[in-house]
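Note sheet for the following structure.
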Amino acid sequence: MMRAFLCVFCLILAGCAQRPLPVLGDVPVFQLTDHLGRTFSSSALAGHVWVADFVFTNCEGPCPRMSSHMHGLQNKTDAAVRLISFTVDPARDTPQALADYAKKFGNDSNRWLFLTGDVATLNMLDQDAFKLGSIGGPIEHSTRFALVDRKGRIRGYYGISDGDPVGKISHDVAKLERESS
């Protein structure tokens, strides 16, 4: 009787166990310029869980809201988590423009970087790697965040219209941190 109870209990626990987040793609190696004018290589993200979004500093629409959510993630996640905001307007988003924008949102430059660079690299990341959109033409971009694990694999997408992205992302960040340890 006790053995049967233990078996049922184990099955219940197994059913309650959290499933790992799916692997949705890989982020290739890239090199861009950060908002402080420094060369930034994606190798600096190796071993870190990170969150990415695509914004531009002249946006009067969703970008300020997305950046506010990134600030929330900066406050709600472990110091080892990195936050990366890629520009979709590299012609206007110089390092200085990005630095001014970053300052408005209280970024911690040790954790949250704003990146600019050549259109080809940014487009490859936005369109091919993250599958969120493309750079150039009319400035339109996704309002989703992407969660990336320590191995550079995309593990989740979160939209600003899907409820509380900060809560959902920080929950899944914690999952990835446990998974990787």
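The values are calculated or read from the model by the stated rules, or taken from the named source; none is laboratory data. All figures in this text were calculated on a predicted structure; none of them were measured in a lab. So basically every Cβ, Gly included, is an ideal-geometry build from the backbone, and we count neighbours across all protein chains shown.
Some observations on this one:
- Any hit, segment 56-64, residues being closer than 20 Å to ILE169 by Cβ and crowded, with 20+ Cβ neighbours inside 10 Å: yes
- From the options SER85, SER67, residue that is assigned to a helix (DSSP H, G or I), modelled with pLDDT of 95 or more, surrounded by 11 or more Cβ atoms within 10 Å (Cβ to Cβ) and in contact with a Ser or Thr (Cβ under 9 Å, 6 or more places away or on another chain): SER67
- Tally of residues being closer than 29 Å to GLY47 by Cβ and outside any helix (DSSP H, G or I) across segment 88-104: 3
- In segment 132-178, of all residues being modelled with pLDDT of 90 or more and assigned to a loop (DSSP other than H, G, I, E, B), the one that is surrounded by the most Cβ atoms within 10 Å (Cβ to Cβ) corresponds to ASP149.
- Restricting segment 105-126 to residues that are part of a loop (DSSP other than H, G, I, E, B) and among the charged types (D, E, K, R), the residue that is nearest to GLY47 (Cα to Cα) is ARG111.
- For segment 26-52, residues that are part of a helix (DSSP H, G or I) and either surrounded by 19 or more Cβ atoms within 10 Å (Cβ to Cβ) or in contact (Cβ under 8 Å) with a residue 60 or more places away in the chain (or both) total 2.
- As a summary of the residue check, TYR158 satisfies the conditions (1) in contact with a Lys or Arg (Cβ under 7 Å, 6 or more places away or on another chain); (2) touching a residue at least 24 places away in the same chain (Cβ under 8 Å) except for the one numbered (2).
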